[in-house]
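So the structure is just underneath, and the comments pick up after that.
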Amino acid sequence: MDLSTIILPEHVFIGLSAPTKWRALQMLSSKAAGCFDVDEGTVLRALEAREKLGTTGIGNGVAVPHAAIAGMTRPRGLMVRFAHAVDFEAIDDVPTEWAFVLLFGEQGRSDYLNVLAAIARRLRTEDILTAMRQAKSADALYSVFMFDTMR
């Protein structure tokens, strides 16, 4: 799975602040609406509905809010580094530093699992997480995260 076709450099944001998971989902929905020309309310409702099924905080400071959005023809994603960690009620109780928002079409639900696996593989070493924490710009964060996937 080539993550660079799903998360583009212009869809990486650093320094977003949110006091709660629910406020974070609102901000992420707003960013997604602007990036992908989709209705913000539709994205927010879909992300909130998914989050109510169980946390998308996968652990180690990472959350992957995701949802199917009618009319989307391919998976699209955002990468966000929060200014301050947000409690996403992750499975390991570690507050979330990074959110990877994944939106996909109704027919692309299996795509989500492939993208999630690719993200998880990329984040499984402490070296990559440390480098991501040290990135000073969105471009640097993108480069660090995509380093191996762009070869």
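Within the stretch 103-134, being over 17 Å from the mean Cα position of the chain (by Cα) and modelled with pLDDT of 85 or more holds for Asp127, Thr130, Ala131, Gln134.
Out of the strands (runs of 3 or more DSSP E) lying entirely within the stretch 1-77, which hold 3 or more residues that are within 14 Å of Glu89 (Cβ to Cβ)? First the steps, then the outcome.
Details: elements: 7-16, 57-59, 66-68.
Of the strands (runs of 3 or more DSSP E) lying wholly inside the stretch 1-77, those with at least 3 residues that are within 14 Å of Glu89 (Cβ to Cβ) span 57-59.
Ile91 passes every criterion in (1) among the β-branched types (Val, Ile, Thr); (2) closer than 30 Å to Arg45 by Cβ; (3) modelled with pLDDT of 90 or more; (4) part of a helix (DSSP H, G or I) apart from (4).
Find all pairs meeting these conditions: Cβ atoms under 6 angstrom apart; at least six residues apart or on different chains; first residue within the stretch 119-136 and free of Cβ contacts under 8 Å to residues at least 60 places away in the same chain and closer than 15 Å to Met79 by Cβ; second residue open to solvent by 30 Å² or more (accessible area, probe 1.4 Å) and assigned to a helix (DSSP H, G or I). Matching pairs, first to second residue: Ala131/Val144; Met132/Val144. Looking across the stretch 19-44, the residues that are of a type in the set (Gly, Ala, Ser) and out of contact with any strand residue (DSSP E or B) (no Cβ under 9 Å at 6 or more places or on another chain) come down to Ser30, Ala33, Gly34, Gly41.
This table checks each residue for (1) closer than 22 Å to Thr5 by Cβ; (2) out of contact with any helix residue (DSSP H, G or I) (no Cβ under 8 Å at 6 or more places or on another chain); (3) open to solvent by 40 Å² or more (accessible area, probe 1.4 Å).
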site: Leu44; (1), (2), (3): no, no, no
site: Pro65; (1), (2), (3): yes, no, no
site: Arg74; (1), (2), (3): yes, no, yes
site: Val86; (1), (2), (3): no, no, no
site: Phe104; (1), (2), (3): yes, no, no
site: Asp111; (1), (2), (3): yes, yes, yes
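The values are calculated or read from the model by the stated rules, or taken from the named source; none is laboratory data. Computed from a prediction, not measured in an experiment: that's the story for all the values here. Using ideal geometry, Cβ is built from the backbone for each residue, glycine included, and neighbour counts are taken over all protein chains shown. Calculation scope for accessible area: heavy atoms of the full protein, side chains included, ligands and nucleic acids excluded. Shrake-Rupley method; radii C 1.70, N 1.55, O 1.52, S 1.80 Å.
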